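Engineer: Input: one structure, supplied below.
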C-alpha cells in the first residue's frame, strides 16, 4: 500500500473514531441515534433510479465533509445538540467509508473512487502514458556580446 493511500485510509479511521467518540462524549444523545442514522448517507444510492451520473452526484454530495461540518457549526451556533449529533454521525459514516476504501465516485467507471486513483488509476480514467515527441519551444537564440563584454541572447530586451 502506498504511503499516500495508507494516510488517506488512516485519516478516515481517525475522523470516524473521533466523531463517534465526540458523539458519545459531548452530545448526550442515545446510541440509538447513531445506530439508526449511521448508514443514512448511503441512501444516496437511491439516485441510481435516475441513472449513474445522478447517483454519482448524489453519493458525492452525501459523502464529503462540507455538509456535516456546516451542520455541526449550525448546531454549535444555536446550541442544538441534535444537529451536532447528526453532524458527528454523518462525519463518522464518511470517515468509516474512507477507511474501508470507499471514496468519492467518478462517473466514468462504476467502482472508480478518489481513493482508488491514489492507489492505481483504473484503466477507464487512467491518463495516457505515451510520451509526446519533443517540441522545440523557442527558436535557437544567437549569442551576441553585450556592451559590458558579457554574452547575452539576441532579441532579448534587458
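The values are calculated or read from the model by the stated rules, or taken from the named source; none is laboratory data. Since this is a predicted model, take the numbers as computed values, not measurements. Cβ coordinates were reconstructed from backbone atoms using ideal geometry, including for glycine residues, and neighbour counts include every protein chain displayed.
Engineer: Being over 21 Å from the mean Cα position of the chain (by Cα), over 19 Å from residue 113 (Cβ atoms) and in a helix (DSSP H, G or I) is the requirement here; does residue 18 meet it? Step through it out loud before you land on a result.
Structural biologist: Details: over 21 Å from the mean Cα position of the chain (by Cα): no; over 19 Å from residue 113 (Cβ atoms): yes; in a helix (DSSP H, G or I): yes.
Answer is no for this residue.
Engineer: Please find, among 89, 48, the residue that is assigned to a helix (DSSP H, G or I) and at pLDDT 95 or above.
Structural biologist: On the way: 48 fails: at pLDDT 95 or above.
From the options 89, 48, the qualifying one is 89.
Engineer: Which one of 70, 49, 40 is under 20 Å from residue 91 (Cβ atoms), more than 18 Å from the chain's Cα centre (by Cα), loosely packed, with under 14 Cβ neighbours inside 10 Å and free of Cβ contacts under 8 Å to residues at least 60 places away in the same chain?
Structural biologist: Values: 70 fails: more than 18 Å from the chain's Cα centre (by Cα); 49 fails: under 20 Å from residue 91 (Cβ atoms).
Exactly one of 70, 49, 40 is under 20 Å from residue 91 (Cβ atoms), more than 18 Å from the chain's Cα centre (by Cα), loosely packed, with under 14 Cβ neighbours inside 10 Å and free of Cβ contacts under 8 Å to residues at least 60 places away in the same chain, namely 40.
Engineer: Do we find that residue 95 is touching a residue at least 60 places away in the same chain (Cβ under 8 Å), buried (at least 19 other Cβ atoms within 10 Å of the Cβ), assigned to a helix (DSSP H, G or I) and under 17 Å from the mean Cα position of the chain (by Cα) in this structure? Walk me through how you get there before you give the answer.
Structural biologist: Details: touching a residue at least 60 places away in the same chain (Cβ under 8 Å): yes; buried (at least 19 other Cβ atoms within 10 Å of the Cβ): yes; assigned to a helix (DSSP H, G or I): yes; under 17 Å from the mean Cα position of the chain (by Cα): yes.
For residue 95, the condition - touching a residue at least 60 places away in the same chain (Cβ under 8 Å), buried (at least 19 other Cβ atoms within 10 Å of the Cβ), assigned to a helix (DSSP H, G or I) and under 17 Å from the mean Cα position of the chain (by Cα) - is met.
Engineer: Being under 21 Å from residue 85 (Cβ atoms) and surrounded by 14 or more Cβ atoms within 10 Å (Cβ to Cβ) is the filter here, so list the residues in the stretch 3-27 that pass it. Working first, answer last.
Structural biologist: Step one: of the stretch 3-27, the residues under 21 Å from residue 85 (Cβ atoms) are 12-27.
12, 13, 15, 16, 17, 18, 19, 20, 22, 23, 24, 27 - these are the residues of the stretch 3-27 that are under 21 Å from residue 85 (Cβ atoms) and surrounded by 14 or more Cβ atoms within 10 Å (Cβ to Cβ).
Engineer: Hey, among 34, 76, which residue is surrounded by 19 or more Cβ atoms within 10 Å (Cβ to Cβ), at pLDDT 90 or above, over 18 Å from the mean Cα position of the chain (by Cα) and part of a helix (DSSP H, G or I)?
Structural biologist: Details: 76 fails: surrounded by 19 or more Cβ atoms within 10 Å (Cβ to Cβ).
That would be 34, the only listed residue that is surrounded by 19 or more Cβ atoms within 10 Å (Cβ to Cβ), at pLDDT 90 or above, over 18 Å from the mean Cα position of the chain (by Cα) and part of a helix (DSSP H, G or I).
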